[in-house]
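Chemist: Got a structure for you, questions after.
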Amino acid sequence: MSKDRLIYIPLGGAGEVGMNAYVFGYGTKGRERLILVDLGVTFGEMSGTPGVDLILPDLRWLEERRDRLEAILITHAHEDHVGALGLMWERLQAPGYARDFTARIARLKMQEAGHEPGRVITVGKVPEALDLGPFRGQFFPVAHSLPEASGLIIDTDAGRIVHTGDFKTDLPPTLGEPHDPEMLAELGRTGVKALL
């Protein structure tokens, strides 16, 4: 029996709006290889954080393990998913991957922060796949309020995870690719260990 394990650690975004940063890990306890899905900000509010413009996710846990970080996968170009990439990349120094529209925004974030924009790599949607250590990742289109929003299919030896990203079920959407319930149903038939 394998001693490898699959872990999920939200460093931001779970139970709150903004600061999306989700770690997935697979491998032997304490030596898991890691990927980060999204790296966003949230905005301060007068009622709770007066004078604060941006709030960033707490990446200390991941920084301590950055030598095990395979990649940063960005689902779409809203600030709460990509806004912290340039601001926090130096702490992680892993390659970024996104579909074309999102990759262009991510490169701008990197450039604005003085980092090499080429560290963000453009990838296509399914069936194109990324082999990232013990992970195989694929971007699948979802409807949202901007072009090329994506969910992720993340395969490991422990099973398949589907990370939806942000999506709408508008038919047709006002912008971008349409919601595809048949594609989601087909994904479900492939055996999904977790839907996030």
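No lab work stands behind these numbers, since they all come straight from the coordinates. Remember, it's a predicted structure, so these values are computed and weren't measured experimentally. Here Cβ is always computed from backbone atoms with ideal geometry, including for glycine, and neighbour counts include all displayed protein chains.
Chemist: Restricting attention to the stretch 103-138, and to residues there that are of a type in the set (G, A, S) and free of Cβ contacts under 8 Å to residues at least 60 places away in the same chain, which single residue is nearest to G40 (Cα to Cα)?
Modeler: A106
Chemist: Would you check if there is a residue in the stretch 183-190 being over 20 Å from Y22 (Cβ atoms) and of a type in the set (K, R)?
Modeler: yes
Chemist: Continuing with this model, one more query. Filter the stretch 130-172 down to the residues that are part of a strand (DSSP E or B), more than 12 Å from V37 (Cβ to Cβ) and either touching a Pro at 6+ places or on another chain (Cβ under 9 Å) or of a type in the set (V, I, T) (or both) and list them by number.
Modeler: Listed by number, the residues that qualify are Q138, P141, A143, T156.
Chemist: I55 - would you say it is more than 29 Å from P134 (Cβ to Cβ) and of a type in the set (V, I, T)?
Modeler: Yes, satisfied.
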